[in-house]
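Worksheet for the structure shown next.
The values are calculated or read from the model by the stated rules, or taken from the named source; none is laboratory data. These numbers come from a predicted model, not from an experiment. Neighbour counts are summed over all protein chains in view; Cβ atoms, including those assigned to glycine, are modelled from backbone coordinates with ideal geometry. Areas reflect the complete protein model, heavy atoms only, side chains present, ligands, DNA and RNA absent. Shrake-Rupley method; radii C 1.70, N 1.55, O 1.52, S 1.80 Å.
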Amino acid sequence: MLRFFCLLCLPGFLTGCGPSADAPPSAPAAPAAPAAATAVAPQTVFVDRAAELGIAFRHDPGLSGHLYMPEILGAGAALFDADGDGDLDLLLVQSQVDESVAASAGGSRLYRNQLTETGALSFADVTLESGLHTRCYGTGVTAADFDNDGDVDLYLTCWGANELWRNEGGLRFVEAAADTGSADPAWTGTAAFFDYDRDGWLDLYVGNYLEYSPAIHKDCHAASGQLDYCGPLTHQPAPDRLLHNEGGQRFVDVSGASGIASGMHAPALGVVAADFNGDGRLDLYVANDAYPNHLWMDQGKGQFADEALLAGAAVNVDGQPEASMGVDAGDYDGDGDDDLIMVHLAEEKATLYAAAGAGVFEDRSLPSGLGQISRGYTGFGAAWIDYDNDGWLDFMVVNGRVRMDPAQTARAADFPYAQHMLLLRNQGDGRLSDVTAVSGPVFAEERVSRGAAFGDLDNDGDLDVVVNNANDRPFVLINQIGQDRPWLGVRLLEHGRDAQGARATLTRGDGRQLARRVRVDGSYASANDPRLQFALGAGKPVGTLDVIWADGTREAFAVERLLPGSYTELVRGSGEQNTP
C-alpha cells in the first residue's frame, strides 16, 4: 500500500467541482483583429523532433481509475547545462515510478545534448551513468548552482519529500535533500532559487499545493454526472516555505521570520523572482490556483510583505481570483520593466498585468487581445518568447483541460483532456495577435500538455521549447525561423554561477532598448535557459550592455565584447564601468 500511495499522489492544482469547472466551450471566441495588426503569412515556426533526436520518454501519471487529483497535473521539464559544455541538456520529470524496472528507467530521465560544431543536434539518455535515480512522484523541477561550485544542481518537486540532486561534476549527481534540509514533505507545485538577502548564495522558495492523499480523496463530478477530477477548493492549501541557503551546505527554514508564513495559505503552481519596484531587491510573484495571487515584496533585512492587492495583481479586473497555473515576467511593451502574464481555466482567461512603475500593475488582458484569444483554453506551461527575433516578446502557452471533454469522451479517448497550443505574436503596440493557425502543423495537434521549458537547444540564437505532455510522449519543438535574423547572446555569471535575477539592457542601432532578465523560473513546473538573447535588427548595437546585478549593483560592458551570432560569457567585475 505504501507504494500505491507514492504512485498516485502527485502535484495538483485543479479546478473546483462547482462554478470554476473547466467545461469545454463550444468554440472559443476569436478576438477582433487589431486595426494596426499586420498580416502574418503561414510559416512553420516549430517542428517536433523528439523521436528523431533520441528522446524516448513517455509520461506516466499512474492512472488509477479513482481520478486522484495528482494524476491530472502532469509534470515539468528542465533545460540546463548539466555537464558544463555550453549547450542545454534535458531532464524530463516522471510522475509514477515503476520500481519493477531498472532504476534509470523507472523515474525522471536525463538526456545529454550531443550538439556538434556543425550544428547537428541529438540527445543520449545518460540517466543510469549520472546516478540521477529519482524515486518520488515527480511534479516539477528547478535548476541552479546552489553551492557555487560551477555545476548546475536540480531540485525536484514531488508529492511527498522533494529531492535535491547535487551536481558533482563529470555528469554525476548525488541526492542531498535530507542532508541539506530541503526535503519538504508537502505536495509541492513549484519552486524557485533566488538570492533574497544578497549574500551570494541562492535561497529557495518552495511553493506548496494542497494537503492531499488518497486517504482523504473526495469524489467530484462533471456537469454530465460522470466522475471527474476535483479542484483545489476541495482540500486545504499547504503552506509555502522560504529556505535560507547557509553557505551551500544547508538550508534553514525562515518562513516565519521572513513573514512568508504570515500570508494566506494558497495552492501555489507558479513563481517568478524579479525586482518589481526597482529598489534593488528581488521580489516574488506566486501564481495560486483559485486563490488570490501573492506578490511578496522584499522589505529588506530578510522581511517580505504581500502587496499583491495594493499592486493590482492579486485578482482579475472583476475582483475575482482565478486558477493561475503557468506564469512569466518579461518586458513585453519595451518600457524597461517586467510585465506579468499568467494562464488559467477555459472559462476564465489569461491575464496580462502590465507594470506601471513602482511595483504597481494594470490589467491589460482585454485591450491586448489576450483575454479573448485565451478563452476556451486551460493553460499550463507559458512564457514570453521572442520566437521570430524581431525584438518584441511574443507569448506561447501549452494547454490541456482538467475537466473532461464530452466530445473526446464520446470518441473513447482514454484521457479526454487534450487541447492544442497557442502562439501569440506581439504587434509592438501593446496588442497580441493569434498566429496559432498559421504557425505549423504541430499547433493543430492536441495533447494534455503541462510543463514547458524554453531555451536555445541548438545554440542558433532562437528559443526552442520542450513540452512534457501528460500520459503521452513529449514535444521537442525546434524553432525554424528565429535564427534567420541577426542576434547576439549573453550568459551573465557571478559567484561562479548564472546570475539569476540580473537584468541586462542593450541599445540597438535603431535606438530601441531591449531589457532581458536572467531567469530559470516561470512557466509551469519547469526550468528555463538562463542565457539572454537579443534581436539586433538591421544595425549593430551601440554604447554598452548595461547590467543590474541581483543586489542592485550596476555594471557596463562594451558592446565590442559581444559577438553577434554567438553567446558571450560576461563575468561580474570584468566590465568597463561598475557603480553601486
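Structural remarks
- Considering only 216, 150, 264, the residue lying farthest towards the positive end of the dipole of the stretch 149-307 is 216, judged by Cα position with unit charges set on Cβ.
- At 0.692 mPa s and 37 °C, Stokes D of the chain from Kirkwood alpha-carbon radius, µm² per second: 141
- For the stretch 253-350, the percent of C-alpha pairs falling in each 5 Å distance bin, counted from 0 to the bin holding the largest distance, reads 3, 13, 23, 25, 19, 11, 4, 1, 0.
- Within straight-line cross-link reach of residue 301, aspartates and glutamates at Cα separation under 12 Å, skipping those fewer than 8 residues along the same chain: 197, 199
- Based on Cα contacts under 8 Å between residues 6+ apart, the chain shows a relative contact order of 16 percent.
- For the stretch 475-561, the fraction of C-alpha pairs farther apart than 21 angstrom is 36 percent.
- Length released on extending from residue 264 to residue 566, taking residue separation times 0.36 nm less the Cα-Cα span: 104.2 nm
- The residues of the stretch 184-323 have, on average, 36 Å² of accessible surface per residue, using a 1.4 Å probe with all protein chains present.
- The stretch 174-331: C-alpha gyration tensor shape, a/c 1.5 cut-off, then a/b vs b/c: oblate
- For the stretch 222-275, the relative contact order works out to 31 percent when only alpha carbon pairs closer than 8 Å and six or more residues apart are counted.
- Taking a straight line from the alpha carbon of residue 218, these lysines sit under 28 Å away, with near neighbours fewer than eight places off in the same chain left out: 349.
- Dipole moment magnitude, nearest 20 debye, the chain about Cα centre, only Lys, Arg, Asp, Glu C-beta charged: 920
- Over the stretch 411-538, Cα pairs under 8 Å with separation of 6+ residues give a relative contact order of 20 percent.
- Alpha-carbon centroid distance for the pair the stretch 204-264 / the stretch 452-511, whole angstrom: 30
- For the stretch 305-394, a/c is not less than 1.5, where a ≥ b ≥ c are the root eigenvalues of the C-alpha gyration tensor, and a/b does not top b/c. That puts it in the oblate class.
- Cα centroid separation - the stretch 342-406 against the stretch 552-567, whole Å: 31
- When 211, 52, 494 are compared by accessible area of protein heavy atoms, the largest-first order is 52, 211, 494, using a 1.4 Å probe.
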